[in-house]
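Structure first, commentary second.
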Amino acid sequence: MNARELILGRLRASAVTEIPALPVMKDWYGAHQRDEDAVQRIQRLRSVLEAVHTEVHDTTESDWPSLLLRLASAKGLRNLLIGDNTTHGDTLQAVAQESLDLIRYDKSIEDWRDVLFDNIDASLTCARSAIAETGSLILWPDAAEPRLMSLVPPVHFVLLDTRKIYADFYQAITAEGWKDAMPTNALLISGPSKTADIQQTLAYGAHGPRELVVLFCHESVKGESL
Amino acid sequence: MSQVIHFHPDADFKARSLAAVQDPGQRKNFRGAMDFLQDKRRVQFPDQLELEGLRDIGSAIRRNSLARLPELLVQLETRMTANGIQVHWAATADEANAIAIEIARRVNARTIAKGKSMVSEEIEFNHAMKAAGIEAFETDMGEYIVELAGEKPSHIIMPAIHKTKQAIAALFAEKIPGVAYTEDVDELIKIGRQALRRKFADADIGLSGANFLVAETGTICLVENEGNGRLCTTVPRVHIAVTGIEKVLEKLEHVLPLYSLLTRSATGQSITTYFNLISRPRQPGEKDGPEEVHLILLDNGRSQAYADEQLRATLQCIRCGACMNHCPVYARIGGHAYGTTYPGPIGAIVSPHMMGLDATYPLAFASTLCGACVEVCPVKIPITDILVRLRNEAQARPETASLRGSGAGRSKLASAFWAGWTLVYSRLKVYRLTSWLLSRGHALSPIEQGAWTYSRTALKPAPKRLRDLLKDRKP
C-alpha cells in the first residue's frame with residue numbers, strides 16, 4: 001500500500017462522533033468594524049506602518065515621481081529597479097531622465113541574478129491595496145513586477161493609491177474575491193524585514209529590505225483633507 | 001566542538017533538567033526571554049472578550065478541519081495538482097527525506113536553502129541530506145546561529161533563545177571567516193545577512209514548512225519576519241514544502257483568525273512582516289519563482305493521535321509556542337532538557353506520537369498541571385487533560401495499551417501500590433482496618449519518601465483518624 005492510501009486509510013478508520021460547527025466569519029468581522037471614515041482609515045494605516053519603522057510620505061498622482069527622485073537622491077541611491085511595462089514605471093522614466101539610473105526587471109532571474117543580489121540599491125513596486133488594521137501592503141507580484149522586486153533590493157518604495165485601503169484582511173479578501181482568483185504568489189508586507197533572534201533585540205534589515213518607503217498617492221492635491 | 005543532542009529523553013531527562021536548573025546563566029536567559037514574551041503577548045490582547053471570542057473561533061475552525069481531515073486533504077491535493085503543485089505523502093520521517101532526496105537527485109541539486117521549519121527538524125532533514133551528499137543549510141537567523149553552534153533549537157519560534165548576544169558574538173567571530181568580535185546586534189544581523197546572501201542566490205532547492213494549507217485554493221501559507229522564507233521559496237528553481245497532515249484548513253477565510261492568533265500569541269506582534277501565500281509554480285511569462293513546487297505531507301505518528309478523540313486535540317496546534325512561554329517548567333529547564341524537537345507542554349503531548357510513549361513518557365510528568373498553557377493556548381487544546389491521559393497510558397496494562405509505547409512507565413511497585421489502594425478504597429472494612437493501623441503506627445512512617453522528600457517534609461499519617469476525632473467530639 002502506498003503512503004497516501006495508508007495515511008488516508010488510518011484517518012478514515014478513526015471515529016468522528018461530532019463535526020463541530022464552523023463560525024461565521026462575516027459575523028465576527030462585521031461585529032468588529034470600527035466606525036471610521038476614509039481619512040481616519042488612511043491615518044490609521046499610516047500610524048501602524050510608522051510604528052514598525054516604515055517611512056510614509058503623502059503625495060499625489062502627478063507629484064510622486066519628483067518626490068521619489070528627491071528621496072532617492074537624499075538616500076544616496078545609485079539606481080532603482082522598476083517593473084517592465086508598467087504605467088508608473090514609464091511615468092517615472094519620463095521624469096527621471098538622467099538623474100537616477102532606472103533598471104528594468106525585463107528578463108528572467110536566471111539571466112541576471114548576481115546583478116540583482118549585488119548591485120541594485122532600491123526598487124519601486126505598486127501595491128494592489130492595503131489593510132489599515134495591521135498596517136499591511138498587499139502585493140500580487142506578476143510578470144511586470146516580479147516577486148523578488150519587493151525582497152532583494154535593500155530599499156523598497158511602494159506606491160499606494162489611498163482609495164484602496166481596507167479596514168481589515170477579511171474585507172480585503174472578500175472585496176477582491178481572492179478565493180476564486182489566487183495568483184501564483186500573494187503577499188502581505190508589513191514593514192521592513194526584521195528579526196529578534198538575538199536576545200530578543202529587534203533589528204531591521206534581516207534578509208529582505210532594511211527600508212520600506214510608502215508613497216501615499218492621494219486623489220487630489222497633496223494631503224489637504226489630512 | 002559540536003554538541004550532540006540525542007533524541008531519547010527517557011533515561012537522561014532527569015539528569016538534563018537537573019543540569020539545566022543548576023545553570024544560573026541559562027536560567028537567567030530563559031527567565032528574561034519568557035517575561036519578555038509574556039509581556040508582549042499580554043499587550044496584544046488588551047480586550048479579554050475579543051481574545052476569548054477569537055480563541056473560540058480558532059478552536060472551532062481547527063476542530064472542524066480535523067473532523068473532516070481526510071476529505072480536506074483530498075480536496076487540497078486535487079486543487080494543488082490542478083494548480084501545478086506536486087503533492088507527496090510520507091508515512092514516516094524516512095519517507096519524507098527519501099522524497100526530498102529523489103527530487104534533489106532528479107534536478108542535480110547540490111545545495112538546499114532552508115527556511116524555518118520545525119517539521120524539517122522533526123525528520124532530521126539536514127542530517128538525511130548530508131548522508132545523501134546534499135548540503136542543506138539554515139537561513140533563519142536563529143536557526144543559522146544554532147546550526148553554527150552545532151546545536152538544536154531550544155524553542156519552536158525563537159531557536160536561539162538560550163544564547164546571549166555575547167555567546168553569539170563569540171560564535172560568529174570564531175566560525176565566520178574575517179569577522180571580528182562585536183556585541184552590536186545590528187552588526188551581528190548584518191554579518192548573518194552577508195554570510196547567507198550569496199548562498200541564497202546559488203541554492204538549487206528551497207525548503208520551507210507551511211503554517212497553513214488552504215484546501216479550496218490549493219495554497220501554502222508562510223508566516224515570517226526576516227524574508228529568508230520568501231527567498232527560499234522564490235529564488236531556487238525548486239521549492240519543497242514539508243509539513244504535517246494536520247495543517248489543512250478548508251477555506252481561505254479560515255486562515256485569517258488563526259494567523260492573527262498565531263502572531264499575537266507567539267511573539268506579541270499584531271502581524272509579521274511577511275505573509276506569503278503560494279498557490280502555483282512559476283507561470284509562463286513570469287520572471288522569477290520556482291519552476292517546480294512540491295508539498296510533502298507527513299504523518300509520522302499524527303494519525304495515531306488522530307485515532308483517539310481525546311488525543312486528536314493535540315493536532316489543533318498552530319505552533320505558536322505560547323504554552324512554553326508560559327510554562328513554569330519550561331522556563332526553568334529550557335528547551336534542550338526535553339530532548340525532543342518540540343519542547344514544553346506541546347512537546348510533551350505531541351512527541352509521544354512521533355517517538356513512542358516509551359521514549360517520551362517522563363515528559364508527561366514534567367508538569368505541575370497548573371494550567372497556564374491551557375489558559376493561553378489560542379486554539380484551546382486541553383493540554384493538562386492530555387498530560388494526565390498520557391500519564392495513565394504510561395502506566396497502562398499491556399492489554400489496554402492504545403499507543404505506541406503504552407505501559408512503558410509501568411513499575412511493579414507503583415502497580416502494586418495502586419492495586420492496594422483500589423482494594424482499600426473499595427472495601428469499607430479493609431479501609432477502616434488500614435486507616436486504624438496507619439494512624440496507630442504513624443510514628444513508624446519513613447523519613448525518606450523518594451522524590452517527595454527531596455524538598456518537602458515527610459508525609460505522616462495523623463495519630464487520630466477523622467472518624468476517631470468525631471467520636472471524641474463532645475456534643
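Note on B:Ala416 and B:Ala19: with the Förster distance fixed at 41 Å, the Cβ-Cβ geometry gives a FRET efficiency of about 0.80.
Our Cα-only numbers for the protein assembly as shown put the radius of gyration and Dmax at 28.1, 107 Å.
Tell me whether region B:45-303 comes out rounded, prolate or oblate; compute the Cα gyration tensor, take square roots of the eigenvalues as a ≥ b ≥ c, and use a/c under 1.5 as the rounded threshold.
It comes out oblate by the Cα gyration axes.
Cβ screening of chain B for cysteine pairs under 4.7 Å finds these without a partner: B:Cys221, B:Cys232, B:Cys317, B:Cys320, B:Cys327, B:Cys370, B:Cys377.
Couplings 3J(HN,Hα) of region B:61-70, computed from phi: 5, 5, 5, 5, 4, 5, 4, 10, 3, x Hz, in residue order, whole Hz [Karplus 6.51 cos²θ - 1.76 cosθ + 1.60, θ = phi - 60°; x for Gly and Pro]. All Cα-Cα distances of region B:303-425, cut into 5 Å bins from zero to the largest, leave 2, 12, 21, 23, 19, 12, 7, 4, 1, 0 percent in each bin in turn.
In region A:36-218, what % of DSSP beta bridges are antiparallel (nearest 5)?
25
Peptide B:124-134 is shielded by partner chain Cβ atoms: per residue, an average of 0 of them sit within 10 Å of its Cβ. Inter-label distance, B:Glu187 to B:Phe365: 4.9 nm, where each label sits 7 Å from its Cα along the C-beta direction. DSSP bridge analysis restricted to the protein assembly as shown gives an antiparallel fraction near 30%, rounded to the nearest 5. Among the listed pairs B:Lys28/B:Lys130; B:Lys14/B:Lys412; B:Lys28/B:Lys380; A:Lys26/B:Lys380; B:Lys116/B:Lys247; B:Lys130/B:Lys165, give every one whose C-alpha distance is greater than 24 Å. Pairs exceeding the cut-off: B:Lys28/B:Lys130; B:Lys28/B:Lys380; B:Lys130/B:Lys165. Calculated from the alpha-carbon coordinates, region B:379-441 shows an Rg and a Dmax of 16.1, 51 Å respectively. Along its principal axes, region B:283-338 has C-alpha extents of 54, 30, 17 angstrom, given from the largest down. Extent along the principal axes, Cα only, for chain B: 95, 54, 47 Å, with the longest axis given first.
Quick one: which of B:Lys429/B:Lys460; B:Lys40/B:Lys152; B:Lys152/B:Lys251 span more than 32 angstrom between C-alpha atoms?
On the way: B:Lys429/B:Lys460 22 Å; B:Lys40/B:Lys152 25 Å; B:Lys152/B:Lys251 35 Å.
Going by Cα-Cα distance, B:Lys152/B:Lys251 fall outside the 32 Å limit.
For the residues of A:138-147, the average number of beta carbons from a partner chain within 10 Å of their own beta carbon is 4. Across region A:43-57, computed HN-Hα scalar couplings (Karplus, 6.51 cos²θ - 1.76 cosθ + 1.60, θ = phi - 60°) run 5, 5, 4, 4, 5, 5, 4, 5, 5, 10, 6, 9, 8, 10, 10 Hz from first to last residue, x flagging Gly and Pro. Using only Cα atoms, figure out Rg for region A:53-170 and give it as a multiple of 2.2 N^0.38 Å. My calculation over the Cα atoms of region A:53-170 gives 1.05. Sequence-distant contacts, meaning Cα pairs under 8 Å at least 6 residues apart, place the relative contact order of chain A at 26 percent. For region A:1-122, the normalised intensity computed at q = 0.18 Å⁻¹ comes to -1.08 (log10 of I(q)/I(0), Debye sum over alpha carbons, equal scatterers, no solvent). Here the scattering of region B:115-234 is modelled by Debye summation over its C-alpha atoms, one equal scatterer each and no solvent; at q = 0.12, 0.19, 0.22 Å⁻¹ the log10 of I(q)/I(0) is -0.47, -1.13, -1.43.
Note on A:18-30: average number of Cβ atoms from other chains within 10 Å of each residue's Cβ is 5.
When the alpha carbon coordinates of region B:412-472 are projected onto the principal axes, the ranges are 36, 26, 15 Å, largest first. Reducing region B:396-475 and region A:78-128 to their Cα centroids gives an inter-centroid distance of 78 Å. P(r) for region A:57-111, please, calculated from all Cα pair distances in 10 Å bins and given in %. Over region A:57-111, the share of Cα pairs per 10 Å bin runs 23, 53, 22, 3 percent. For region B:183-242 and region B:62-140, compute the distance between their C-alpha centroids and round to whole Å. Result: 15 Å between the Cα centres. In a fully extended conformation the segment linking A:Leu102 and A:Thr87 would gain 4.0 nm over its present Cα-Cα distance, using 0.36 nm per residue.
Every number here is computed from the coordinates shown, using simple stated rules; none is lab data. All values derive from a computational prediction rather than experimental measurement. FYI the Cβ positions are ideal-geometry reconstructions off the backbone, even for glycines, and counts take in every protein chain you see.
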